[in-house]
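A quick write-up on the structure given underneath.
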Amino acid sequence: MGSGTRGRHRAQLHPGAWWLWALSLGTAATRTTNPLLLALLIAVSAYVVAARRPDTPWSRSYGAFVKLALAVILVRLLFATVLGSPIPGTHTLLTLPEVPLPAWAQGIRLGGEVTAEALTFALYDGLRLATLLICVGAANALANPSRLLKSLPGALYEMGVAVVVALTFAPSLIADVQRLRAARRLRGRPDKGVRGLLHVGLPVLEGALERSVSLAAAMDARGYGRTAQVPPAVRRTTAALTLGGLLGVCAGTYGLLTAEGATYGLPVLLAGLTAALAGLRLGGRRSLRTRYRPDRWDVRAWLVVASGVAVAALLALAAARDPAALNPGVVPLVAPTLPLWPAAAVLLGLLPAFVAPDPEEPS
């Protein structure tokens, strides 16, 4: 039985691969406002989640991220309706009563004409942000947060614990709400409205507090926070490399985003990444943490990451070569078309559904 359990553990995909794949899809979503391509990205992430999502509490958070994405789109449309939009338009859908504002609020409008062009632009913009949220939700549903924490470098362990606790709080909260609402429905009690919210909210907060106390006790019992003795020169070198590397990454990224910095952007970015990784490597000497059965990058993990990076790179290339296809205009108002080879590039993101191992069993 022990060998079977070990085999199942080794068969699981590295959690970092899922996050890199999902963030790559999110990066691809930022390169386009074409609703057809964005819908295709959402469909790709949803298919992979449906095929490879494990039966665990954190995997149920995908639906919550989808609802949050829909709320983002509705809020963006509401803002465009009430506050107006700088996009000019000739197709007026309705006219709201306009509220006169003082002179110091010049440029802000409450009410007035609502045009189809303004709402279409708001829909495209909101759908792009919604796609990014859904991709993050896919990573939350597919990656085991505790295994992701084990895979972090020693220098990032403390920060990683805080991030993992934050990421696991929302899925656990959603699972508690679903469990309590189901229990109230079985007892014939209301689970909706203000009354149901009050009766469900208190046990949920109580459970969250109990989990926090249990986590703190477990971390204290395992010696969390212990550090090894490191010479002062190594500490200063680590701080200098990490800080200088992060500054280099910021400067290189800025250079890549501006036309003037195209010559120095990539070298500075690579130098900053090298310095930051060296600083993290030295900083890991302070950590006394050991890893039990560490996750390893195998061929399947590299294929998953490569599929996401390929989608992001190909859509960035398509946006540079044919910006009109990936960012359709709304003035004049025309129906968007699906560009063929960018759509084929998005379909590369389906590769994890076929190469990733079967979902892990709940422990």
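The values are calculated or read from the model by the stated rules, or taken from the named source; none is laboratory data. All values derive from a computational prediction rather than experimental measurement. Please note: Cβ atoms are built from the backbone with ideal geometry, for glycine as well, and neighbour counts cover all protein chains shown. Please note that ligands, DNA and RNA were not included when accessible areas were found on the heavy atoms of the full protein model with its side chains. Shrake-Rupley method; radii C 1.70, N 1.55, O 1.52, S 1.80 Å.
Check which residues have an amide H placed less than 5 Å from Glu113's amide H, if you skip close sequence neighbours.
Residues meeting the amide H criterion: Leu96.
At 1.4 Å probe size, with no ligands or nucleic acids counted, give the accessible surface of Ser307 in Å², nearest ten.
Roughly 10 Å² of Ser307 is accessible to a 1.4 Å probe.
Out of the total accessible area of segment 48-101 (probe 1.4 Å, heavy atoms of protein only), what percent is carbon and sulfur?
About 70 percent, which is the carbon plus sulfur part of the accessible surface.
Suppose each label sits 7 Å from its Cα in the direction of the beta carbon; what would the Leu83-Ala344 distance come out to in nanometres?
Going from the Leu83 label point to the Ala344 one covers 4.2 nm.
Just order 135-142, 123-130, 329-336 by mean Cβ neighbour count inside 10 Å, highest at the front, would you?
Highest to lowest by the protection proxy: 135-142, 123-130, 329-336.
Segment 7-85: which chymotrypsin sites (Phe, Trp or Tyr not before Pro) are DSSP loop and have at most 13 other beta-carbon atoms within 10 angstrom?
Passing sites in segment 7-85 do not exist.
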